[in-house]
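The values are calculated or read from the model by the stated rules, or taken from the named source; none is laboratory data. Remember, it's a predicted structure, so these values are computed and weren't measured experimentally. Glycine gets a Cβ as well: all are built from the backbone with ideal geometry, and neighbour counts include every protein chain shown. For the accessible areas, the whole protein counts, side chains as well, though only heavy atoms, and no ligand, DNA or RNA atoms are used. Shrake-Rupley method; radii C 1.70, N 1.55, O 1.52, S 1.80 Å.
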Amino acid sequence: MSRLWRLLRSPRLALTALGAVALYCGLAAWYPWLQTGAQTAPRWAAALHLDRPFSSPLFLLLIAVLFLSTAACTWDRTLRVAALASGRVHLGGIQLASRPGADLRSFLRSQGFGSPNASGVCFRSRLALWGGWVLHIGLLCLMAGVFVQQGFHDGGAFELAEGEALRLDAPRAVFDRERGALAATLPPSLEVGLLAFDPFLHQRGYAPDRASRLRITRAGAPSVEASIDRAAGAEVGGVTLFQAIPAGLALVVELPGGEIRALHVHETTHTRSVGSFDSPVGRAVIFAIDSERPVDDPAGTGVLAVSSESAVARAVLTPGAMFDFGGTPARLVAITRWGGFTYSIDPGMSAVFSGFALVLLGATLLTFPAGVAQVSGAGAGSAATVFLTRGREALAAEWQRTSGQVSESEAKESS
Amino acid sequence: MQTFAFWAAATCYAVATILYFAEAAFDRRKAGTWGRIVAALGLLPHFAALALRWAEVGHGPFSSRYEVLSANAFLLVLVYFVSTLFAPGLRPLGAGVLPAAFLLMGWAVDTMGVKNEVPIIFKSYWLWLHIGFAKLYGAATVIAAVCAVVYLVKARRPGRLARFPIPEKLDLYAHQFLLVSFLFLGVMIVAGSLWAHQSWGRYWAWDPIETTALANWVALGVILHFRILHGWSRSRMAWLTLVALGWMVVTIYVVVLVTPTIHNFYMVGEAG
Ligand code: HEM
């Protein structure tokens, strides 16, 4: 046990784990298959789990070792920092020897130290002595928080045409779902309706982009309406809905009994969008829309030509006219647009945020060079043992310059 | 007017570089003083050039190579001056800072005509923290590296560069700036991930530049640990500080130019 403990708190393990994580991330950033619009990973990479390098067993093992090593070092450090913060300087300080004519107390004051208390102890940025400790506690919270967040994370994508509403927990409503091991099996039970969608809204000062108005209904709660764009989503009951980039054309068809269906077609070329849909009696029908100009041309698509094709027939469709939808009479009501959306649930984020906050607080404290000095003797006969978080050599050299004489000897680490 | 202001600033930085070099090489105190005056004067037209571009395109300096590099140069010189208020010993380091600023201006100039509208995701306060701290991180790392280079020169030839701080102080300054870089890079990463969540609903996507920045942050942690845990200092630490500079250059300037990432817009050289 004590050997394991010694290993965990050894600087060598800490540096090896940190170096390995840095190297792994640095290399993975350059894997070509991880880049935007890239092909799938080659087979050898998939065999080594490198197709998803940041959830690979090797990466998780490295993070686990880093976590344990950080925890052990931080534990080890707690008493030592507490001792320093209460003025016990013997832990790795330097000796500044007295020198006739040179006033050590005013030298220390010029170096940012306060006046010595009754026991001769003075501090420089006392709180900052805790900087490293706070940073590492933050790192532990962060790693644990990310672990919890990943466990509970639930996210996925869906599409909606203008006027269409969708229950996210309905079968096949959500695709590209990513869910942590502890997340609910089904997507959230929200109904989302798209009231308005503008794929090219030009907001002042920004390039044209998508924007939507949604109606969101949670079971047992009144509906809420929210406007979203790609700058910010809307949160309802712990679920945040976001505007995504994908968009396209949709055919709104009316089925017998007045049922309305939106058929989302996807671009195969800039001017052709195609989709295959099952009719109410289960026959596959392919719908295509050919546009005069590209679908994502902000000036508009120009004239649209709609056609359908099934195993038995091909037809050209016109808005308002009836057509055969795979054995069912249907009417093309309108041609509209669909927009892409995503949802995300992240209950573990408070742990991640506290981790972040502590890491940044610790790093901020670290930028203040802290120190503790134990001054003995009075006037020109004063000597001091000084501990500094950094800059011991500079302080010793400065004292040497000021006083012309320093006996610098590193006190032995007591722990 | 914008072009004139930009060139006035670049000229001031070039002249200041020569004056700082004269201070370093010939131990001329006056040349250093004039170098600082000219460099500080350069900040005024530089600020004007940035402000005029901002007013023209309606957004801050984030969306073309010209805007980004010019703002990086401005912040580098500004951070240097602010640091000298706290540590006057840093003043002669202008001999490293001003040429770096001048080089950035030189790289910026060929894309001066590029003007873009920014994407809607820039409608966020996180943007200011993310981009602002990226620039500050770059500036802090350059100054740390300048301290390291001067340290290495002084360590080899102790009689040289008498107007610069003593080697122990340079070692301390380099350490201090590296810690500041670590903090600034941390804020940049955190703000970036919160911004990504605000816009896209995900904190982290392992995009090449996100991942490089994280690896860079951990690498800075490794470098700082060499000092804290293994007592490395002096020349070995100075070389490691130059490694940190290399990481910074790769993270901020190289990755966006050589791989497709969601960050490509900030170094674009053509109107999009
Ligand atoms: C998780 C990744 C880690 C990061 C990003 C990190 C980062 C840092 C940083 C930036 C410092 C400040 C260095 C300075 O003052 O120049 C530091 C100090 C320190 N680190 Fe780490 N560290 C990590 C993990 C560890 C581990 C695993 C150990 C175990 C040996 C460790 C032990 C220490 C110690 C003893 C200090 C000095 C603390 C003090 O002054 O109170 N760190 N670390």
Quick one: is A:R213 in a strand (DSSP E or B) and either under 27 Å from the mean Cα position of the chain (by Cα) or within 14 Å of another protein chain (Cβ to nearest Cβ) (or both)?
yes
In segment A:287-303, what count of residues is obtained for those that are out of contact with any Gly (no Cβ under 8 Å at 6 or more places or on another chain), surrounded by fewer than 16 Cβ atoms within 10 Å (Cβ to Cβ) and farther than 17 Å from A:D209 by Cβ?
3
Specify the residue that is most open to solvent (accessible area, probe 1.4 Å); the eligible residues are those in segment A:92-145 that are of a type in the set (D, E, K, R) and more than 40 Å from the chain's Cα centre (by Cα).
A:R109
Would you mention how many residues in segment A:180-223 are touching a His at 6+ places or on another chain (Cβ under 7 Å) and touching a residue at least 12 places away in the same chain (Cβ under 8 Å)?
3
Given the conditions (1) open to solvent by 40 Å² or more (accessible area, probe 1.4 Å); (2) within 16 Å of the ligand (Cβ to nearest atom), report the number of the one that A:F353 does not fulfil.
(2)
Residue in segment B:160-181 that is surrounded by the fewest Cβ atoms within 10 Å (Cβ to Cβ), counting only those that are more than 9 Å from chain A (Cβ to nearest Cβ) and charged (D, E, K, R):
B:R160
Filter result for the condition that a residue is touching a helix residue (DSSP H, G or I) at 6+ places or on another chain (Cβ under 7 Å), touching a residue at least 24 places away in the same chain (Cβ under 8 Å) and not in a helix (DSSP H, G or I), over B:K115, B:K135:
B:K115
Among B:P88, B:P119, which is the only one that is touching a Lys or Arg at 6+ places or on another chain (Cβ under 9 Å) and either at pLDDT 95 or above or of a type outside the set (S, T, Y) (or both)?
B:P119
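Let's see how each residue does on (1) within 16 Å of the ligand (Cβ to nearest atom); (2) β-branched (V, I, T); (3) in contact with a helix residue (DSSP H, G or I) (Cβ under 7 Å, 6 or more places away or on another chain); (4) not in a loop (DSSP other than H, G, I, E, B):
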residue: B:M105; (1), (2), (3), (4): no, no, yes, yes
residue: B:A108; (1), (2), (3), (4): no, no, yes, yes
residue: B:L129; (1), (2), (3), (4): no, no, yes, yes
residue: B:T141; (1), (2), (3), (4): yes, yes, yes, yes
residue: B:V146; (1), (2), (3), (4): no, yes, yes, yes
residue: B:V150; (1), (2), (3), (4): no, yes, yes, yes
residue: B:K154; (1), (2), (3), (4): no, no, yes, yes
residue: B:V180; (1), (2), (3), (4): yes, yes, yes, yes
residue: B:H197; (1), (2), (3), (4): no, no, no, yes
Complete set of residues in segment A:7-27 that are within 11 Å of the ligand (Cβ to nearest atom), open to solvent by less than 40 Å² (accessible area, probe 1.4 Å) and assigned to a helix (DSSP H, G or I)
A:L8, A:L13, A:A14, A:L15, A:A17, A:L18, A:G19, A:V21, A:A22
With the requirement that a residue be of a type in the set (S, T, N, Q) and away from the ligand (no atom under 11 Å from the Cβ), what does segment A:356-367 give you?
A:T364
Looking only at segment B:18-31, count every residue that is open to solvent by less than 20 Å² (accessible area, probe 1.4 Å) and either hydrophobic (A, V, I, L, M, F, W, C) or in contact with a Leu (Cβ under 7 Å, 6 or more places away or on another chain) (or both) and tell me the total.
2
